[in-house]
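Below: the structure, in structure tokens.
Read the figures in this text as sums done on the coordinates, not as results from a lab. Just so it is clear, the structure is predicted and the values come from calculations on it, not from any experiment. So basically every Cβ, Gly included, is an ideal-geometry build from the backbone, and we count neighbours across all protein chains shown.
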Amino acid sequence: MIQISALPAFTDNYIWLLQDHSTQRCAVVDPGDAAPVRAWLDAHPGWTLSDILVTHHHHDHVGGVESLKSATNATVYGPASENIPARDIALGDNAKITVLGLDFDVHAVPGHTLGHIAYYHRGLLFCGDTLFAAGCGRLFEGTPEQMHHSLSRLAALPEDTLVYCTHEYTLSNLKFAAAVEPGNPDVAARLEKVVEQRNQGVMTLPSTLALEKLTNPFLRTAETSVKQKADERNGQRNQTPSEVFAALRAWKDKF
């Protein structure tokens, strides 16, 4: 049985920690800072960091990789087409890896960065900065078409999949979702719950794909209500879901 915990980093990052209690081996996803991981290892003597999974090259996801690698000799996995420090195994689309006894499928999900990847094991998705709770990542390198395709690919996974993204952006994302779909009762209910969670200092992750399909405007670009709001915002008829996505993303960037 694998236990998954969050190690908070910086102001709003989460480093995901996977723990195999039968072997006392653990893995981390996107350790932008080594300090929280080292602190956990120091507090749990006898545990070994065996694997480091990286989704993309941004510093807040890779900043701690080299020092953790040198301290533990963990195996570092990362996207083949990006510059990942201390990477041992370069991964492309449809690659398969086994970490802590779990088989993961690797999905190429360009958009936030061109080489961004996600790791999927039945029921678990580690998606970096591609899919967020009620939102998605900014397009620093890719096109709206690429990001829309990437999100559609993730949305096609089973609905009970737990979504482990790497930032606590849920509240601000839901405020945007409410602006896009003011009449969506699922968004209103989720926003109310998340406001309460954040007021109490409670994290809002993981999400589920089922919940995202009900409340995440970037997964709802085919919905009439979302398309109409996007058309209204940019003053044109957005013909395709990827055009609706582009209009939403441009709006969110200024929201």
Handout entry: Distant-in-sequence amide H partners of Phe132 (H built 1.01 Å from N, under 5 Å)
Key = Gly137
Completion exercise
Log10 I(q)/I(0) at q = 0.08 Å⁻¹ for the chain, from Debye over equal alpha-carbon scatterers, is -0.31
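Quick one: grab the alpha carbon gyration tensor of the range 39-107, order the square roots of its eigenvalues as a ≥ b ≥ c, and give me rounded if a/c is under 1.5, else prolate or oblate depending on whether a/b is larger than b/c. Intermediate values should be presented prior to the final figure.
Working: a/c = 2.37, a/b = 1.37, b/c = 1.73.
Taking the square roots of the gyration eigenvalues as a ≥ b ≥ c, the range 39-107 is oblate.
Of Leu171, Leu41, Leu125, how do they rank once you tally other Cβ atoms within 10 Å and put the fewest first?
Working: Leu171 16, Leu41 20, Leu125 26.
So the residues, fewest neighbours to most, are Leu171, Leu41, Leu125.
Starting from the Cα coordinates of the range 133-255, work out the convex hull volume and express it per residue in Å³.
On the way: hull volume 12.5 nm³, N = 123.
In the range 133-255, the Cα hull volume divided by residue count equals 101 Å³.
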Exercise for the section: Return the single residue from Asn234, Asn173, Asn13 with maximal mean-square fluctuation; model: Gaussian network over the chain, springs between Cα atoms under 10 Å. Expected result: Asn234
Practice task
For the range 1-150, state the average projected area of the convex hull of the C-alpha atoms over all orientations, rounded to one decimal in nm².
Solution key: 8.4 nm²
Handout entry: Ellipticity estimate at 222 nm from DSSP helix runs (n ≥ 4, -39,500 (n - 2.57)) divided over the chain, nearest 500
Key = -10500 deg cm²/dmol
Practice task
Give, in nm to one decimal, the length gained when the segment between Asn83 and Asp231 is fully stretched (0.36 nm per residue of separation minus the Cα-Cα distance).
Solution key: 49.5 nm
Practice task
Go through the range 195-208 residue by residue and turn each phi into a ³J(HN,Hα) via Karplus (6.51, -1.76, 1.60, θ = phi - 60°); whole Hz please, and just put x for glycine and proline.
Solution key: 4, 5, 4, 5, 4, 9, x, 8, 6, 9, 10, x, 9, 10
